[in-house]
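Asks: Below you'll find the structure I mean.
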Amino acid sequence: MMTKLQGLKSYAYLDHYICVLHLEFPIALALLNIFAVMGSVSAVLPTGRQDFMDYFTVGWANDHVTLLDNGTCVQLKLDNQSGSGFVTTKSYLYGYVSVDIRLARGDSSGSITSFYLSSVYEPHEELDFEFLGSSLGQPIILQTNVFANGSGGREQRFNLWFDPTLNFHSYSIIWNRQQIIFYVDYMPIRVYKNKVGVPYPNKGPMLLYATLYDGDSWATDGGQTKMNWSSGPFVASYTNFFVDACQWCNESSSLLVPSLCSLLQSTLWWDGVNYQTLNASDQVQLHNIRSKHLIYDYCADTNRYPIIPQDCLP
């Protein structure tokens, strides 16, 4: 639904999407009171099914991307000719993204299936879900990573408590001014806090990507196990897309729009008080999942980081 407000050169509102083009700063400030009534502090993460064509486009290898169920499901294919991927047509600064994924079956060693946010401008920033393929009988590893202010190296890896190739499971990220939360099936598995002196992804907008590609230089056993093309082609399926975020609308403005998105955050549900910290129940879930399923944490890798990184400190 498109709504136009008097006195604005261009304004669009779709559900919780915010898109402000060429807004003058005083008008933007005046809008804060309007947006305050639109926010929500519900602790329940939203779900839904959006049409692929409304938010995404094929980003790589059109002949390896298949749309199903009237555009509500997408299959990515990887073979010895090419991988494939898709990407949002708009970029965002803060918000919530979610998708259900069913990974490729069989001997997927060497392959990487991903769902991630990546910055449009420098310095490079990124929020990653990466599924590292495995040999038959071995678990597929979920790797999360955070790039901030041009640097990464913040990998955390998990053995999932289910087989991600049998059914669809949900993978979500909340990104706001206070913290980033990674969720699996709407349960938190990782939190990255915005703390003084710690790089935090907030320098500019990000696009949302999904890819399936040959990563056998590093994906499985540190690159020792290569792609088994005889098990291909490999197919990963994505559905239940949900994107609710502050949309970066004016690519020619490098200052106004990010400031506006930052100002609007306090009025939007993903930056509400219930999402600035984890509640007691979520903290218990986070602890239980990490104690049972976390298999690598850069914070504990003293060979790699003899001095504990600042973002790992309480």
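Asks: With only alpha-carbon atoms in the gyration tensor, what are the semi-axes of the equivalent ellipsoid for the stretch 163-224, in Å, largest first? Display every interim value, and only then the final one.
Replies: Numbers: eigenvalues 138, 64, 33 Å².
Semi-axes from the Cα gyration tensor: 26, 18, 13 Å.
Asks: Treating only the Cβ atoms of Lys and Arg (+1) and Asp and Glu (-1) as charged, compute the dipole magnitude of the stretch 59-166 about its Cα centre; round to the nearest 20 debye.
Replies: Numbers: 6 positive and 12 negative charges, 23 e Å.
The calculation lands at about 120 debye.
Asks: List the trypsin sites (Lys or Arg not before Pro) within the stretch 180-224 that DSSP assigns to loop and that have no more than 16 neighbouring Cβ atoms inside 10 Å.
Replies: Numbers: sites: R190, K193, K195, K203; in loops: K195, K203.
Within the stretch 180-224, the qualifying trypsin sites (Lys or Arg not before Pro) (loop, at most 16 other Cβ atoms within 10 Å) are K195.
Asks: Oh, and also: Quick one: if the Förster radius is 30 Å, what FRET efficiency do M53 and N149 give, using the C-beta to C-beta distance and rounding to 0.05?
Replies: Details: r = 34 Å, r/R0 = 1.14.
The formula returns an efficiency of 0.30 here.
Asks: Percentage of Cα-Cα pair distances in the stretch 159-314 greater than 22 Å, rounded to whole percent? Display every interim value, and only then the final one.
Replies: On the way: 7084 of 12090 pairs.
For the stretch 159-314, the share of Cα pairs beyond 22 Å comes to 59 percent.
Asks: Rounded to the nearest 0.05, what FRET efficiency do Y186 and Q310 have when you use their Cβ-Cβ distance and R0 = 35 Å? If you can, show how the numbers build up before the last one.
Replies: Working: r = 30 Å, r/R0 = 0.85.
After rounding, the FRET efficiency stands at 0.75.
Asks: Further, regarding this structure: Just list whichever of K90/K226; K193/K292; K77/K193; K195/K292; K90/K292 have alpha carbons separated by over 32 Å in the model shown. Before the final figure, lay out each step's value.
Replies: Numbers: K90/K226 35 Å; K193/K292 22 Å; K77/K193 35 Å; K195/K292 27 Å; K90/K292 37 Å.
Pairs exceeding the cut-off: K90/K226; K77/K193; K90/K292.
Asks: With unit charges on the beta carbons (Lys and Arg positive, Asp and Glu negative) and the dipole taken about the Cα centre of the stretch 165-250, which residue among I181, V198, T220 sits farthest to the positive side?
Replies: Projecting each Cα onto the dipole axis, the largest value belongs to V198.
Asks: Using the per-residue mean of other Cβ atoms lying within 10 Å as a proxy for protection, in what order, highest first, do the peptides 219-229, 140-150, 160-170 fall? Intermediate values should be presented prior to the final figure.
Replies: Values: 219-229: 16.4, 140-150: 19.5, 160-170: 14.3.
Taking the mean over residues of other Cβ atoms within 10 Å, the ranking is 140-150, 219-229, 160-170.
None of the figures in this text is laboratory data; all of them are computed from the coordinates on show. Keep in mind the model is a prediction, meaning the values are calculated, not measured. All Cβ positions, glycine included, derive from the backbone under ideal geometry; neighbour counts span all protein chains shown.
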